[in-house]
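Heads up: the structure comes next, in structure tokens.
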Amino acid sequence: MRYAVNTSSKWPCIVNRLIVASMGLCVAASATDYYVATTGSDEAAGSQESPFRTVQRAAEVMQAGDTCIVREGVYRESVRPANSGSADQPITFRAAEGESVVVSGAEPIEGWTARDSRWTAQADFHFEQLFIDGVMMPPARWPNMDAGAIWPTFAEADDGSDATGIVDGDLPELDLQGARIHVLPGRRWVSWMRQVDGLESHDAARKVLFEGSWSQEPAYRIEKGTQYYVFGAPSLLDAPGEWCVDGTTVTLIPPADAAANDLRIEARKREFAFDLRERSHIVVEGFRIFASTVQLGDAQGCTIENCHLRYPSHFTNPDGWTIPDSGIVVSGKGNTIRACSIQYSAGNGITLDGENNTVANCLVRYVDYMATDCGAIFARGRGNIIERNTLCEAGRSVLLHRALKAGRIVYNDIFHAGILTTDLGSTYCFQTDGEGTVIAYNWVHDNLADHVGVGIYIDNGSKNFLIHHNVSWNNPDSGIRLNTPSHDNLVYNNTVLNNGNSLSYWGPDGENRQPGCRAINNIFTDKVEPGDGIEMIHNFEGVAPAVKSIEEHDFRLAEGSSCIDAGIPIDRITDGYIGQAPDIGAYEFGGTPWKPGHDWGEPPEF
Ligand SMILES: [Ca+2]
Ligand SMILES: [Ca+2]
């Protein structure tokens, strides 16, 4: 039985039909186009005239070479293809050209009753994330935050706080039965969630007690200044946009002057818009994906293109250095994420693992709002490529490559790390053997951390990185850090401007070894602290390299700069230089200027 008309590949089809007609045989099926529309029916044929209602209906019947075209509208489902495509004949899911096609993980919550400036409704599923008109609302919490804000507002602990609880004179006397506490302790590296175990009086203040033990190490201990908030108890419900759930009853404080019928109130129910685990050669193109994500675990040769995700992943239980799979999750081999946007993730924007996968020309921002060790991209695996992306607005580091081997991190514009935490980088790894990972032609800038905000951060015990032609500026701690011991890390032709330090390191117990490291042909306008064993030659060290303009992001050398022709040739790094010798810095005078980042502007609103 055929469900739909054949419209693709006109000439080959006609030829194929002639052959079929003349031979009277049914040869291999040719590609079929299926259609899905909100006006359709899953009992229909799935043709353009008689479309399916759900994308999943198409996903169940599609074979290699088939295409599914989804018409405008919101599809509240999780799509799991029954079959894989092949390299020559992928299975393609495509939003209809020029139409807004949303696959949503959220379900509407309806039937609101208003009483005492609160609304209540029933929900028959558990959820941790509620939206009004597509914007996340805060759970009942103290201190309050603006409805729709992405970064949590924290309170600060007073003296007397310790491993058993937080003392705070500002904390109101409320019943915290059932509440949870989100704590960013010690040096504010990462955060934890704990159940609240009661509230006790403590002189004039109150002390929130919580379950579980707590580390007394300085980096993690609860102390004066520790940041926290409490959430999830009905007593904390007092600001517009706040909500809480008791059993199946949802209570919401509505925005001022709002009528429930005029608002789109939804809650997150499904994790995956497209679940492509263990599938191969599937193309997903042109969708808007809300409150759910795309799973490519152990996938092969799949492509996600021109898709725009909002709120891909949410959780409320950060657990220190534990990295939850979050955002678009990629493992397997040869998968590509291209020209997509990913915004508003509790954890990662993309979790990148496996081999020879590529993330290209994407915009990933507003990530790690739960203040863990997540970022725009969390890269592991081997041979993965991260190129021409704009990666920014992160609670901690922006691009983590803690376990990426032989990768390529090139032509990315990476900025605004450190919105919530400290001691982190635009790019970051620790005790990592890069096995030749290249970090090149990136802009890394404007780290916002108020302690140890770094551009390119190669932390203790890392080796075999090739770092060249990057521009690193406005990072309060260092442009580039090679924390010790640091082995065989090569730093060539970078332009490092207006940072706390240009090149620095820190090592435990006076450790200062940097054997096999080299820093050559770099512009360093701030303090340079070489370790023991690093070779440093032909660098510019001074305040005036005559780089054109930081403000206008024009890092070319001005005519007459002393950096012109002042470098030395380095095989494969300075090839094709202009003039008598390579220049110092990331932009060769007279060469074609380059600009990193994605090339397509802002993602659509939906
Ligand atoms: Ca509140
Ligand atoms: Ca030159």
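Taking other Cβ atoms within 10 Å as a rough exposure proxy, C517, C374, C244 sort from fewest to most as C244, C517, C374.
For the chain, DSSP calls about 30 percent of its internal beta bridges antiparallel. As a rough footprinting exposure proxy, the listed residues E200, E285 were ranked by other beta carbons within 10 Å of their own, and the order from fewest upward is E200, E285. Diffusion coefficient (Stokes-Einstein, Kirkwood radius over C-alpha pairs, 25 °C, 0.890 mPa s) for segment 311-557: 141 µm²/s, rounded to a whole number. For the chain, the Cβ-based charge dipole about the Cα centre amounts to some 1780 debye (Lys, Arg positive; Asp, Glu negative; other atoms uncharged). In summary, segment 95-157 shows an alpha-carbon radius of gyration equal to 1.49 times the 2.2 N^0.38 Å reference for compact globular proteins. Using the alpha-carbon positions of segment 226-361, Rg (one decimal) and Dmax (whole number) come out as 18.1, 52 Å. A Cβ-based charge dipole, computed about the Cα centre of segment 305-364 with Lys and Arg at +1 and Asp and Glu at -1, lands at about 200 debye. The loop-placed GluC sites (Glu not before Pro) in segment 56-146, going by DSSP, that have at most 14 neighbouring Cβ atoms within 10 Å of their Cβ come out as E72, E97, E99, E110, E128. Our note on the geometry: Cα centres of segment 283-306 and segment 574-606, 30 Å apart.
Take the convex hull of the alpha carbons in segment 110-266; its mean projected area over all directions comes to 9.6 nm². In this rough spin-label picture, where each label sits 7 Å from Cα along the Cβ direction, the S30-E602 distance is 4.5 nm. Modelled spin-label separation between N83 and I568, with each label point placed 7 Å from Cα along the Cα-to-Cβ direction: 6.1 nm. Extension gain for D197 to L174 (0.36 nm times residue separation, less C-alpha to C-alpha distance): 7.0 nm. When only alpha carbons are used to place a centre, segment 125-150 and segment 469-533 end up 42 Å from one another.
A full extension of the chain between N317 and N512 corresponds to an added length of 66.4 nm, given 0.36 nm per residue minus the alpha carbon distance. Once the Cβ-Cβ distance of D124 and E278 is raised to the sixth power relative to R0 = 35 Å, the FRET efficiency obtained is 0.70. Using just its DSSP H runs of length 4 or more, each adding -39500 (n - 2.57), the chain gives a mean residue ellipticity at 222 nm of -1000 deg cm²/dmol after division by all residues. Per-peptide packing, taken as the mean over residues of other Cβ atoms within 10 Å, places 223-229, 189-195, 598-604, 361-367 in the sequence 361-367, 189-195, 223-229, 598-604 from highest down. Projected area of the chain, taken from the Cα convex hull and averaged over every viewing direction, in nm²? Result: 32.1 nm². Counting only Cα atoms, the size of segment 561-603 along its three principal axes is 44, 24, 13 Å, in decreasing order.
Spatially close Lys pairs in the chain, defined by Cα atoms under 21 Å apart and a spacing of eight or more places or different chains, total 5.
Considering only segment 190-325, what is the antiparallel percent among its DSSP beta bridges, to the nearest 5? The antiparallel proportion sits near 50 percent. The radius of gyration of the Cα set in segment 457-496, together with its Dmax, comes out at 10.2, 26 angstrom. Could you calculate the FRET efficiency of E156 with D450 from 1/(1 + (r/R0)^6), where r is the beta carbon distance between them and R0 is 22 Å, rounded to 0.05? Computed FRET efficiency for E156 and D450 comes out at 0.95. Ordering F589, F52, F555 by the number of other Cβ atoms within 10 Å of each residue's own Cβ, fewest first, gives F589, F555, F52.
Laboratory data are not the source of any read-out in this text; all were calculated from the coordinates shown. Not measured: the values here are computed from a predicted model. Cβ: placed from backbone, ideal geometry, glycine included. Neighbour counts: every protein chain shown.
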